[in-house]
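Asker: Would you mind keeping the following structure in view while I ask a few things?
The values are calculated or read from the model by the stated rules, or taken from the named source; none is laboratory data. Note that this is a predicted model, so its numbers are computed, not measured. Note that each Cβ is placed from the backbone with ideal geometry, even for glycine, and that neighbours are counted across all protein chains shown.
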Amino acid sequence: MTSKIHTIGEGRGRSLATRVTPGQAADTKQLESLLEDIAVPRPGKAGRPRKRPDSLTGDKAYGSKANRALLRSKKIKAVIPERRDQVSNRLRKGSNGGRPPSFDSTRYRQRNQVERGFNRRKQFRAVATRYDKLGSHWQATNDLIEIIDWIRATPDKTRS
């Protein structure tokens, strides 16, 4: 009945990888596939595209142990707050609960850029009202809007 958009964006909220899933799909399960979809070409260099971000800022939905282990294995710094239930479970276990994961609150404030990216998408009525009923059509609409977002953000050197 509903759908979710999962996005990994760059520092200004523009999308690097997006996936549309059914509304009941868990957010935490989408991170690995989104990370696999990232491919940023290197400017001025031939060669393979960059596949690994330096850090990943996410909301609490992506803070599972599995996601943190995945990011650690890929040497990506996780900037994800710990959920309240995880904090209480860790504290309940005492010294066996382990240390809390590192968290950079200053860097986490930059997460609003992703929210701004979603707000730019919602300026298009087809996304905001969800006219498309098929997930593949909605994905295509989102892809088109993301392309427009990247084109608007790219400085036009012909106008100078």
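Asker: With modelled with pLDDT under 90, over 26 Å from Arg50 (Cα atoms), of a type outside the set (A, V, I, L, M) and surrounded by 11 or more Cβ atoms within 10 Å (Cβ to Cβ) as the only criterion, which of Asn96, Asn89 stands out?
Answerer: Unique residue meeting the criteria: Asn89.
Asker: Turning to a different aspect of this structure: For segment 84-99, does any single residue satisfy the condition of being under 18 Å from the mean Cα position of the chain (by Cα) and of a type outside the set (Gly, Ala, Ser)?
Answerer: no
Asker: Take the residues of segment 19-42 that are more than 23 Å from Pro81 (Cβ to Cβ) and surrounded by 10 or more Cβ atoms within 10 Å (Cβ to Cβ): which is farthest from the chain's Cα centre (by Cα)?
Answerer: Per the criteria, the residue is Arg42.
Asker: Inside segment 122-145, can you point out the residues that are surrounded by 16 or more Cβ atoms within 10 Å (Cβ to Cβ) and farther than 17 Å from Thr21 by Cα?
Answerer: Listed by number, the list holds a single entry, Ile145.
Asker: Then there's this: Suppose we keep only residues that are within 18 Å of Arg109 (Cβ to Cβ) and touching a strand residue (DSSP E or B) at 6+ places or on another chain (Cβ under 7 Å) within segment 43-79. Which one would you say is surrounded by the most Cβ atoms within 10 Å (Cβ to Cβ)?
Answerer: Taking the candidates together, the pick is Thr57.
Asker: Taking only segment 3-39 into account, find how many residues are part of a strand (DSSP E or B) and touching a Lys or Arg at 6+ places or on another chain (Cβ under 6 Å).
Answerer: Residues in segment 3-39 being part of a strand (DSSP E or B) and touching a Lys or Arg at 6+ places or on another chain (Cβ under 6 Å): 2 in total.
Asker: List every residue pair whose Cβ atoms sit under 9 Å apart, with the two residues 6 or more apart in sequence or on different chains, where the first one lies in segment 48-59 and is farther than 18 Å from Gly13 by Cβ and the second, anywhere, is surrounded by fewer than 12 Cβ atoms within 10 Å (Cβ to Cβ) and of a type in the set (Asp, Glu).
Answerer: Matching pairs, first to second residue: Lys51/Glu36.
Asker: Mind checking whether some residue in segment 61-79 is of a type in the set (Ser, Thr, Tyr), in a helix (DSSP H, G or I) and more than 26 Å from Lys4 (Cα to Cα)?
Answerer: Looking through segment 61-79, at least one residue is of a type in the set (Ser, Thr, Tyr), in a helix (DSSP H, G or I) and more than 26 Å from Lys4 (Cα to Cα).
Asker: Can you say whether Val114 is within 28 Å of Arg19 (Cβ to Cβ), of a type in the set (A, V, I, L, M) and touching a residue at least 60 places away in the same chain (Cβ under 8 Å), as far as the supplied structure shows?
Answerer: So Val114 fits the description; yes.
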